[in-house]
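Read through the structure below, which is laid out as structure tokens, and then see the notes.
The values are calculated or read from the model by the stated rules, or taken from the named source; none is laboratory data. Just so it is clear, the model here is predicted, and its values are computed rather than measured. All Cβ positions, glycine included, derive from the backbone under ideal geometry; neighbour counts span all protein chains shown. These accessible areas exclude ligands, DNA and RNA; they are computed on the full protein's heavy atoms, side chains included. Shrake-Rupley method; radii C 1.70, N 1.55, O 1.52, S 1.80 Å.
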Amino acid sequence: MEFVHKSVLLDECIEGLAIKPDGIYLDATAGGAGHSVEIAKRLTTGRLIALDRDPDAVEVATERLSPYNATVVKCNYSELDEALANLGIDGVDGILMDLGVSSHQLDTAERGFSYHNDAPLDMRMSQEGISARDIVNTYSYEDLARIIFEYGEEKFSRSIANNIIKCREQSPIETTLQLAEIVKNSVPQKVRREKNPCKKTFQAIRIAVNGELDHLSTGLDKAFDALKIGGRLCVITFHSLEDRLVKQRFASFCKGCICPPEFPQCVCGREPQAKLINKKPIEASAEEFEANLRSRSAKLRITERVRCDER
């Protein structure tokens, strides 16, 4: 299987993980195994665990990691605690999460992620469960408008949702280009001239199909809980909703006293569980951006666990 994917912020991730040759590391989003292979190369007696919910990615990662001490598991990163427990691992030295849709998923037209190619509306990362077609053709106007507004941050969400309802009353919306045409006809001409207006709506529906934000919220907590003291969590995001969630969760890991401000002294005894390695997100260099346009919106945040008290 051809699985082409350029790993974003690769050098920055490897540096951020501060890899120990005898450590245990988890790539929670293996994809084409670009990050995984570079982690595995730096291990001697250490071990890499690579997760992905996409069967295509699991197949490719298994092949590409076969020369190394690595184990590939098909599961969502929100289930990483179960995956590690099944392998008898009670703590890891570093975790990488590279969020969003992979280049392979975008470039494989029949997966239905892209608005540039005509294909069945799908967008399922796991290739199981509810599809984009199901959402577009069965969700109510209110739910469609909410999803497109909240997950796509699309100000024309009501117009788009209304036109989806009108079109599906005539016949089901089956393909990516059908949906793209509806979106284009739902926004002002000025917006269509400035940029492709489909990006936000397709992002929103993809997030809804895959439950991405719910899985991310759960996955961040489970990832941090899996870290040993000194272990690092590196997360790459590609849009503001993901980045905001990661930033806020990292801040909560690093927060100490939670007593009300009017208290004269701390009575909660809470200590920070982590420290930020980079206060501002790391972004792609000009050279990387030129070589890989998909790195444009990438942001890398890194935190390190400093205590193992229960949060």
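Write out the GluC sites (Glu not before Pro) in segment 265-311 meeting two conditions: DSSP loop, and at most 13 other Cβ atoms within 10 Å of their Cβ.
Taking segment 265-311 and a limit of 13 other Cβ atoms within 10 Å, the loop GluC sites (Glu not before Pro) found are GLU310.
Could you work out how far apart the two model spin labels at LYS199 and SER66 are, taking each label as a point 7 Å from the Cα in the direction of the beta carbon, and quote it in nm?
Here the modelled spin labels are 3.9 nm apart.
Taking the Cβ of LEU99 as the center, what net charge do the other residues with Cβ under 14 Å away carry, scoring Lys and Arg +1 and Asp and Glu -1?
Taking every Cβ under 14 Å from that of LEU99, the sum is 0.
Enumerate the calculated ³J(HN,Hα) couplings along segment 193-203 in order (Karplus 6.51 cos²θ - 1.76 cosθ + 1.60, θ = phi - 60°), each rounded to whole Hz, writing x wherever the residue is Gly or Pro.
Here the 3J(HN,Hα) series is 6, 6, 6, 5, x, 7, 4, 5, 5, 5, 4 Hz.
So who's got an amide H within less than 5 Å of the one on ALA30, skipping anything under 5 residues away but keeping other chains? H placed 1.01 Å off N, in plane.
LEU51, ASP52
Distance from the Cα centre of segment 51-125 to that of segment 203-273, in angstrom?
22 Å
Only helical DSSP H runs with n ≥ 4 go in: add -39500 (n - 2.57) per run for the chain, normalise by residue count and round the 222 nm mean residue ellipticity to 500 deg cm²/dmol.
Using -39500 (n - 2.57) per qualifying helix, the result is -12500 deg cm²/dmol.
Each residue of segment 221-227 in order: what ³J(HN,Hα) in whole Hz does its phi give by Karplus 6.51 cos²θ - 1.76 cosθ + 1.60, θ = phi - 60°, with x for Gly and Pro?
My calculation for segment 221-227 gives 5, 5, 5, 5, 4, 7, 6 Hz in order.
Considering the options THR176, HIS239, VAL209, tell which one lies farthest towards the positive end of the dipole of the chain, charges being +1 on Lys and Arg and -1 on Asp and Glu at the Cβ, about the Cα centre.
The Cα lying farthest towards the positive end belongs to HIS239.
Going down the table (LYS222/LYS255; LYS228/LYS299; LYS155/LYS199; LYS222/LYS247), which pairs top 20 Å between alpha carbons?
With Cα atoms farther than 20 Å apart: LYS228/LYS299.
State the antiparallel share, in %, of DSSP beta bridges confined to the chain, rounding to the nearest 5.
Here the share of antiparallel DSSP bridges comes out near 40 percent.
For segment 256-262, just list the computed ³J(HN,Hα) in residue order, Karplus coefficients 6.51, -1.76 and 1.60, θ = phi - 60°, integers in Hz, with x standing in for Gly and Pro.
x, 3, 10, 5, x, x, 7
How large a share of the accessible area of the chain, in percent, is made up of carbon and sulfur atoms when the probe is 1.4 Å and the other protein chains stay in place?
On the way: 7230 of 15160 Å².
After summing per-atom areas, the C and S share lands at 48 percent.
With angles folded into 0 to 90 degrees, how steeply does helix 157-170 sit against the dominant principal axis of the chain? Use alpha carbons for both and round to 10.
50 degrees
Nearest 20 debye, what's the magnitude of the dipole of the chain about its Cα centre given +1 on Lys and Arg Cβ and -1 on Asp and Glu Cβ?
Computed charge dipole of the chain: roughly 1040 debye.
Under 5 Å between amide hydrogens, which residues at least 5 positions from GLU154 or on another chain qualify, with H placed 1.01 Å from N in the peptide plane?
Close amide H contacts, sequence-distant or interchain: PHE149.
Using Cα springs under 10 Å in a Gaussian network model of the chain, which residue among LYS255, LYS299, LYS195 shows the largest mean-square fluctuation?
Its mean-square fluctuation being the largest, the pick is LYS195.
Would you pull out the residues with amide H under 5 Å of LEU227's amide H, same chain only if 5 or more places away, H placed 1.01 Å from N?
Excluding prolines and chain starts, which carry no amide H, the hits are VAL92.
Using the Cα centre as the reference, give the magnitude of the dipole from point charges on the C-beta atoms of segment 168-240 (Lys, Arg: +1; Asp, Glu: -1; all else neutral), rounded to the nearest 20 debye.
420 debye
Using a basic spin-label model with each label point 7 Å from the Cα along Cα→Cβ, how many nm lie between GLU128 and LYS155?
The two pseudo-label positions are separated by 4.2 nm.
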